[in-house]
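Structure first, commentary second.
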Amino acid sequence: MRHFDGWEIILLRMVSIQDFADRLSAIPRERFTRENVLAFMRDNRVDVKTLAPYLFFSGDHYTRNLIRRTPMFELIAICWESGQGSAIHNHCDQRCWMAVPYGKVQVLNFQVVRRDNSTGFCELRPSTHYLIEPDSPQEVDPEEPVHQVVNAASFGSRAVTLHVYSYPYETCEVYDLKAMRAGMVRLVNTTEFGVVKSDLKLEKVAL
């Protein structure tokens, strides 16, 4: 962003996913902050055509496609067929930023009303919600970290989201809204660096 004669001029840079990952890797640890990474994602829009090696879709489940992992972060492309969504989940104090190179998704936030860790009981209530589109990257609010990502069928399109997680992590907490339960699950990548690691029936797509 630049200022000129009282106006804020937003400078967007269209980059390849390789360039995006390299630039992200170059951010020093002390500057890998909520504000700086979000600004980086807003200023560097990924050309969806360069994501072709990582675009795997499945009619059974959204797919997680690992692009880059460093000690500081991991960069994952998640591919959503129309109508697919995540479980309600929490990254357990890990920071998360999201951009949408293709399509759009809705993020639904939830507040924890009551919980009992000894039994797994957890009552949630819906809170805020917002859309993420190609011109509006967002971050998971650390003050309201329980959320769900949905590519609503009404949007009428596949969607691809780019997620930056810091630090890399292998488990997250998921919630069952109706059963009022919470528990930890292990995350599984569908592909890593373009290599299939899953037994899902996959369709490789170029958008």
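Just so it is clear, none of the values below were taken in a lab; they were calculated from the coordinates. Because the structure is predicted, anything quoted here is derived from the model rather than measured. Neighbour counts are summed over all protein chains in view; Cβ atoms, including those assigned to glycine, are modelled from backbone coordinates with ideal geometry.
A few remarks follow.
- Selected residue (only one of Val164, Val174, Val185 is more than 29 Å from Gln18 (Cα to Cα), out of contact with any Gly (no Cβ under 9 Å at 6 or more places or on another chain) and in a strand (DSSP E or B)): Val185
- Hey, Ser86 in contact (Cβ under 8 Å) with a residue 12 or more places away in the chain and touching a Lys or Arg at 6+ places or on another chain (Cβ under 7 Å) or not: no
- Residue within the range 52-68 that is in contact with a strand residue (DSSP E or B) (Cβ under 8 Å, 6 or more places away or on another chain), within 20 Å of Ser136 (Cα to Cα), crowded, with 19+ Cβ neighbours inside 10 Å and not charged (D, E, K, R) present: no
- Residue count for the range 31-67, restricted to those that are more than 14 Å from the chain's Cα centre (by Cα) and either of a type in the set (S, T, N, Q) or farther than 24 Å from Ala152 by Cβ (or both): 16
- Checked against (1) under 24 Å from Asn189 (Cβ atoms); (2) free of Cβ contacts under 8 Å to residues at least 40 places away in the same chain, Glu133 passes all but condition (1).
- In the range 161-188, the residues that are in contact (Cβ under 8 Å) with a residue 24 or more places away in the chain reach residues that are of a type in the set (Ser, Thr, Tyr) with C-beta atoms within less than 6 angstrom, at least six apart or across chains, in these pairs: Ala182/Tyr175.
- The residue that is farthest from Arg29 (Cα to Cα), among those in the range 135-173 that are among the hydroxyl-bearing types (Ser, Thr, Tyr) and under 11 Å from the mean Cα position of the chain (by Cα), is Thr161.
- Every listed requirement among (1) free of Cβ contacts under 8 Å to residues at least 40 places away in the same chain; (2) under 14 Å from the mean Cα position of the chain (by Cα) is met by Leu75 save one, (1).
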